């Protein structure tokens, strides 16, 4: 393949790549939310994790990982600092083999205290992209995440 053809193909690949563009958008949005949430002491990733726990508690690690679209190892690693900070408790559920995750009162307070900053960031970003576009973007992001999860699951199924 000629050098110019390769450069053109790579440029087109980068411009159209769902993965690269989604990751760039996620990093930019996360960086902005981290900036606005900084006074609350929470990072955007911690805020969304506390929110996910709060909406599903008590919740097991596997279910929470599925909800957050993470693997269990990453989920466990992300929960550790929240547990050390006293924002979550990881106890045993009725089935002694399962661990149930809940927000502590400190976690509830931190999440509630961060909500005004989150609202500020959400409103500013919605205004910047256009309020009419925000709902479309969120819907499209959910559709892409659902499609990627379905395709991955189908690819993991044994053929035959």
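Taking 127, 12, 142 in turn, the Gaussian network model of the chain (Cα-Cα springs below 10 Å) assigns the largest fluctuation to 12. Here the label points at residue 123 and residue 157, each 7 Å from Cα along the C-beta direction, are separated by 4.7 nm in the simple model. Checking (i) 33, 24, 14; (ii) 50, 34, 14; (iii) 23, 21, 15 against the coordinates, the calculated semi-axes √(5λ) of the Cα gyration tensor in Å falls under label (i). Among 67, 132, the order by Cβ neighbours within 10 angstrom, fewest to most, reads 132, 67. On full extension, the segment bounded by residue 133 and residue 90 gains 11.6 nm, given 0.36 nm per residue less the C-alpha separation. Computed from the C-beta positions of residue 80 and residue 29, the FRET efficiency with R₀ = 30 Å rounds to 0.80. When the helices of the chain are scored as -39500 (n - 2.57) per DSSP H run of n ≥ 4 and the total is divided over every residue, the value at 222 nm lands at -25000 deg cm²/dmol. Seen against the Cα atoms of the chain and their longest principal axis, helix 72-84 is set at about 40 degrees. Relative to the longest principal axis of the Cα atoms of the chain, the long axis of helix 18-37 lies at roughly 40 degrees. Compactness of segment 112-160, taken as the C-alpha radius of gyration over 2.2 N^0.38 Å, stands at 1.75.
With Cα atoms defining each centre, segment 47-73 and segment 108-160 are spaced 14 Å apart in the structure. With contacts taken as Cα pairs under 8 Å and at least 6 residues apart, segment 25-129 reaches a relative contact order of 31 percent. Shape annotation for segment 65-156: C-alpha extents along the principal axes are 47, 42, 21 Å, from largest to smallest.
Any read-out appearing in this document is the output of simple, stated calculations on the displayed coordinates, not a laboratory observation. Because the structure is a prediction, the values reported are computed rather than measured. Quick reminder, even Gly has a Cβ in these numbers, built from the backbone with ideal geometry, and neighbours come from all protein chains shown.
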